[in-house]
1. State the extension gain, in nm to one decimal, for the chain segment bounded by GLU13 and ARG123, taking 0.36 nm per residue of separation less the distance between their alpha-carbons.
2. If I model a spin label as a point 7 Å beyond the Cα along the Cα-Cβ vector, how far apart are those points for GLN88 and GLU25 in nm?
3. Dividing the Cα radius of gyration by the Kirkwood radius, what Rg/Rh value follows for the chain?
4. What does the accessible area of MET46 come to, in Å² to the nearest 10, when a probe of 1.4 Å is used?
5. How far, in nm, would the chain grow between ARG103 and GLU35 when pulled straight, counting 0.36 nm per residue and subtracting the alpha carbon separation?
6. Hey, what's the chain come to in accessible area per residue, 1.4 Å probe, Å²?
7. Of the accessible area of the stretch 26-136, with the probe set at 1.4 angstrom, what percent is carbon plus sulfur?
8. What FRET efficiency comes out for the pair VAL136/VAL5, r = Cβ-Cβ distance, R0 = 35 Å, nearest 0.05?
Amino acid sequence: ANSGVFAARIGGEEAPPPGPARTREVHSAWQGLLELRRMTNPDGTMDRPCAWERTHLVQAAALALEAAGHGPAVGTDEAGYRVRATPQPEAVAVRDPDTTAVRACAATLEKAGWQVSEHGEPRTGARYVLASPRRV
């Protein structure tokens, strides 16, 4: 059920209703997050994640990706990004079956102030990105 509260698309959800409303919501949420960075980072910088992002890793990474125009996976479709928590503290995994898309997601997260590294699944070789919020 839709609670009426904005939620970043982490991949795997059903598609939102078509139309410009989602684009406006994502833009507003991203601008709000940048303002939160400005107000809460000790030096007022907006180029690195803030404390809220560190406690909401999956949502923060997904918002950065969605705001940059990356497409999340819809339902059980394979195409699109999926952001998931990892056993590693302060890190998320971003997967997409398209290697080019994985690298584009990595570039977006790096630009948004995250540290990224690309890895391969040991058994399948599928590429994915580990991302952590940069501290300095």
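1. Numbers: separation 110, 0.36 × 110 = 39.60 nm, distance 2.65 nm.
Contour length minus Cα-Cα distance gives 37.0 nm.
2. 3.1
3. Working: Rg = 14.7 Å, Rh = 15.2 Å.
Value, to two decimals: 0.96.
4. Probe radius 1.4 Å; accessible area of MET46 about 90 Å².
5. Here the segment from ARG103 to GLU35 would lengthen by 21.8 nm.
6. Numbers: 7820 Å² over 136 residues.
On a per-residue basis, 58 Å².
7. 54
8. Efficiency, rounded to the nearest 0.05: 0.65.
The values are calculated or read from the model by the stated rules, or taken from the named source; none is laboratory data. Being a predicted model, the structure only gives us computed values, none of them experimental. Cβ: placed from backbone, ideal geometry, glycine included. Neighbour counts: every protein chain shown. Accessible surface is based on the protein model in full, side chains and every heavy atom, while ligands, DNA and RNA are left aside. Shrake-Rupley method; radii C 1.70, N 1.55, O 1.52, S 1.80 Å.
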